[in-house]
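Please read the structure below before turning to the comments.
No lab work stands behind these numbers, since they all come straight from the coordinates. No experiment lies behind these values; they were computed from the predicted model shown. When we count neighbours, we look across all protein chains shown, and the Cβ atoms used for this are built from the backbone with ideal geometry, even at glycine.
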């Protein structure tokens, strides 16, 4: 009997010890239930940086649209066929799911975090305001791609049919939000530290990023509402990036290599060469940055005699890889950093602003020269800048055309590799002249694209709101102009 009682006691003890903290058995301690906010923020930065850098034709055709690159064998995308690969849907997925959702979740998690003490409270507020600025940057790119987009009802998992908001209204709201965020940043305290992949948690640099973003958005809207844009630019430019400053994402290599390396080298494919559009333009100017943009190509038919030149593939046509210049080797390195925004941009925007009569602390010619010089410094051509700017075809006083042609040409050349920036600059200013490919897709109506078409699946999944948006922007076509595109 005693033996039976002893066995029962042991069994009861075992059962009690097994049921104590029973919930731990259903918890995977290696996979936290809540991802820390700083990691969500960094993940959004990585996704945005990758999207900017990539030349994957499923995700990013901007380097083709800007005619910095052209294709070798498969030429659909350089002829503006964005339907076969459903590029619009993939852009929506990347920007909304991979970037904006992570920023929203980062904001939610950080808001819920306890902050004890003045320093912790200030750093928490800085983190939230930096997320706000990057969210505004992301939405402004979406507007510049499509026009009207889901905004006020976006990112709501319970709303499967978000309305598309008016692009101008979105822009003005983004500007107000960015102004408030910049004003709220406290650069006497920190933020994300090393978890910030762009600016290492430097709050003073994030203020400069935000002010530069304000100029960037306002210069677009100045095309149609100069009176609205003028005080925004005049109030923000002095707080923007200083000479030599930039925001970029560094790639350590390996599994975190620059997507350009993945597309151009790791893939083992030879799908792209520099386009004749940019190569011919730089050849005509004898631009010394060519050596940092492209490789030389041997065009001699005599194997014993080399004739090395910079030669671009004809835009939109099939181009033998071995018979054209290639993208320069440093750009194809796995660790090549991707610039998101910099002083070069700001200088060219301010040159435009000066031509429009805005007070920006310098003449159009001075800002134009600053933009060129900073670009030369960035690409390692510092010693060549003075001689280049002294050329009659480059000097602001003597270069061909009106101010839009002068600024547009040099901004376009400086934005090489940043396809979306170059294409947007061309849309706003109308220069330089781009080449029409031989077989532009039907959705382009025989023209060079001015926007991207909406996701195809929106036509069925969100039909009512899609139809309203397509009508509001003037038709869901590649050649439909955005509200600020009046060139």
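Footprinting exposure proxy ranking of 75, 382, 70, fewest other C-beta atoms within 10 angstrom first, gives 382, 75, 70.
May I ask you to work out the translational diffusion coefficient for the stretch 275-335 at 37 °C, viscosity 0.692 mPa s, via Stokes-Einstein with Rh from the Kirkwood sum over Cα pairs, reported in whole µm²/s?
Estimated via Stokes-Einstein, D reaches 267 µm²/s.
Alpha-carbon geometry of the stretch 160-204: the Rg and the Dmax are 15.3, 43 Å, given in that order. For the stretch 224-290, the alpha-carbon coordinates run over 51, 37, 26 Å along the three principal axes, in decreasing order. Seen against the Cα atoms of the chain and their longest principal axis, helix 101-112 is set at about 50 degrees.
Rg and Dmax of the stretch 355-487, based on Cα coordinates, read 18.8, 58 Å.
Based on the Kirkwood approach, the hydrodynamic radius assigned to the stretch 248-358 is 16.3 Å, with every pair of different Cα atoms included.
Expressed as a fraction of 2.2 N^0.38 Å, the value expected for a compact globular protein of N residues, the C-alpha radius of gyration of the stretch 307-428 is 1.17. Roughly what % antiparallel, to the nearest 5, for the DSSP beta bridges in the chain? In the chain, DSSP labels about 95 percent of beta bridges as antiparallel.
As a proxy for reagent exposure, 192, 376 were ordered by neighbouring Cβ count within 10 angstrom, fewest first; the result is 376, 192. Counting every pair of alpha carbons in the stretch 190-312, the share spaced more than 19 Å apart comes to 70 percent. For the stretch 102-208, the calculated P(r), taken from all Cα-Cα distances in 10 Å bins from zero up to the bin holding the longest distance, is 14, 41, 31, 13, 1 percent. Among 44-57, 258-271, sorting by the average number of other beta carbon atoms lying within 10 angstrom of each residue, highest first, gives 44-57, 258-271. For the stretch 76-149, the alpha-carbon coordinates run over 58, 19, 17 Å along the three principal axes, in decreasing order. Against the main long axis of the alpha-carbon atoms of the chain, helix 403-414 sits at an angle near 60°. Look at 307, 216, 172 and count the other Cβ atoms within 10 Å of each Cβ; fewest to most, that gives 307, 172, 216. Relative to the longest principal axis of the Cα atoms of the chain, the long axis of helix 343-355 lies at roughly 50 degrees. Three principal axis extents describe the C-alpha atoms of the chain; from largest down they are 108, 57, 51 Å.
Modelled this way, with points 7 Å down the Cα-to-C-beta line, the labels at residue 228 and residue 391 are 3.9 nm from one another.
Each part gets one Cα centre, and for the stretch 119-174 versus the stretch 182-253 those centres are 16 Å apart.
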